[in-house]
Amino acid sequence: MKNNIFKRIAVFIISAVIMLVQMTLIYPTSAGAEEKSETIGTENQSGALGNITWKYCRDDFDDNLKLFISGEGNIPTIEELGLEEYPWAEFGVRYIVIEDGITSIPADFCAAFESHTLLTDITISDTVSEIGERAFEDSGLTTVKLPSALTLLNRQVFKNCLSLESIELSE
């Protein structure tokens, strides 16, 4: 009888530990994300990727660190660039500004940088006419304003965006 009770208690404890590990993997804590964002990223970095330029710096308007992407045409995919990830992949980007001239955001755009779950805000220029499949999948976006020039919004663009509260369409 005693052995049977001990076996049941052991099975219960092992099951609880397995569930806890699974929950931690599926739903990471925001405290861990906050800690990570403070240790990742250095401001005032910039570069060029094909037809676009990028800079990670403080915005003069609100003093937030933001990733600015500018240029003409499509943002190239990491495959087109022959890279494993974008240069800003480990910066802990919370804000992205897609500036005038950019016409397309590629598929899997956010998945190509590790800390994309920290992304809460994106400003998309009215020159963007296409957003690729799963572009913002698993991001932490809370609200999105889609540009007026948008003609193609591929499937699953906002898949698993659990914090997304609203999507606004420009006129």
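Near LYS66, which aspartates and glutamates are there with a Cα under 13 Å away, not counting those fewer than 8 places off in the same chain?
Answer for LYS66, where 13 Å is the Cα cut-off: GLU43, GLU99, ASP121, listed by chain and number.
Positive end of the charge dipole of the stretch 48-115 (Lys, Arg +1 and Asp, Glu -1 on Cβ, about the Cα centre): tell me which of PHE68, CYS57, ILE96 has its Cα farthest that way.
Towards the positive end, the residue furthest out is CYS57.
Subtracting the Cα-Cα distance from 0.36 nm times the residue separation, let me have the gained length for ASP100 to ASN51 in nm, one decimal. Intermediate values should be presented prior to the final figure.
Values: separation 49, 0.36 × 49 = 17.64 nm, distance 1.32 nm.
Full extension of this stretch gives 16.3 nm more.
Do any GluC sites (Glu not before Pro) in the stretch 132-170 lie in a DSSP loop with no more than 12 other beta carbon atoms within 10 Å, and if so, which?
Values: sites: GLU133, GLU137, GLU165, GLU168; in loops: GLU133, GLU137, GLU165.
Those satisfying the criteria are GLU165.
Points 7 angstrom from Cα along the Cβ direction at GLU43 and ASN160: gap in nanometres?
3.2
So for the pair GLU168, PHE61, with labels modelled 7 Å out along Cα→Cβ, what separation do we get in nm?
Spacing of the two 7 Å Cα→Cβ label points: 1.2 nm.
Note down the accessible area of SER129, probe 1.4 Å, to the nearest 10 Å².
Counting only protein heavy atoms, SER129 exposes about 40 Å² to solvent.
The values are calculated or read from the model by the stated rules, or taken from the named source; none is laboratory data. What you see is a predicted model; the values in this text were computed from it and never measured. Neighbour counts run over all protein chains shown; Cβ positions are idealised from the backbone, glycine included. Side chains included, ligands, DNA and RNA excluded: accessible areas come from the protein's heavy atoms. Shrake-Rupley method; radii C 1.70, N 1.55, O 1.52, S 1.80 Å.
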